[in-house]
Amino acid sequence: MVNKEKRILEGEKEKRVAQLDGWKLTDGKFIVKRYRFTDFLTGVQFVNHIAEFSEEIQHHPFISIDYKMVTLKLTSWNAKGLTELDLTCAQKYDGLYESITGK
């Protein structure tokens, strides 16, 4: 069983993040992605789905809403860096985006 709260080793971060669609590693401990929407309300709907999921698992991203763009930023404070849980959440958020937009 994988410990989802264990920090990903320095030498593995870039390789692991590169496997995610559109996510970028920043400051060595965050992953960030911007999602574009056709309108503001669809972006807010996406954020509401993220909020519900985040509450269920008790792992919350930084969220920024700027008109038709939502930016998500993930890290694990307890592990002081990027963890398997962050990568799992990134994939979940991509799936939520696809289900809402059909893209």
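Inclusion of Gly22 among residues that are assigned to a helix (DSSP H, G or I), in contact with a strand residue (DSSP E or B) (Cβ under 7 Å, 6 or more places away or on another chain) and either at positive phi or surrounded by 15 or more Cβ atoms within 10 Å (Cβ to Cβ) (or both) is not warranted. Restricting the stretch 25-54 to residues that are among the charged types (D, E, K, R) and buried (at least 18 other Cβ atoms within 10 Å of the Cβ) leaves a set whose member that is nearest to Gly81 (Cα to Cα) is Lys29.
Within the stretch 77-103, the set of residues being among the aliphatic types (A, V, I, L, M) and part of a helix (DSSP H, G or I) comprises Leu85, Leu87, Ala90, Leu96, Ile100. If we keep just the residues of the stretch 69-93 that are of a type in the set (Ser, Thr, Tyr) and touching a residue at least 60 places away in the same chain (Cβ under 8 Å), which is surrounded by the fewest Cβ atoms within 10 Å (Cβ to Cβ)? Within the stretch 69-93, the match that is surrounded by the fewest Cβ atoms within 10 Å (Cβ to Cβ) is Thr88. Listed by first and then second residue, the pairs with beta-carbon distance under 9 Å, at least 6 apart or on different chains, first residue in the stretch 32-58 and at pLDDT below 95, second of a type in the set (Asp, Glu) and buried (at least 19 other Cβ atoms within 10 Å of the Cβ), form an empty list.
The values are calculated or read from the model by the stated rules, or taken from the named source; none is laboratory data. Remember, predicted model here, so these are calculated numbers, not experimental data. Note: ideal-geometry Cβ built from the backbone for every residue, glycine included; neighbour counts use all protein chains shown.
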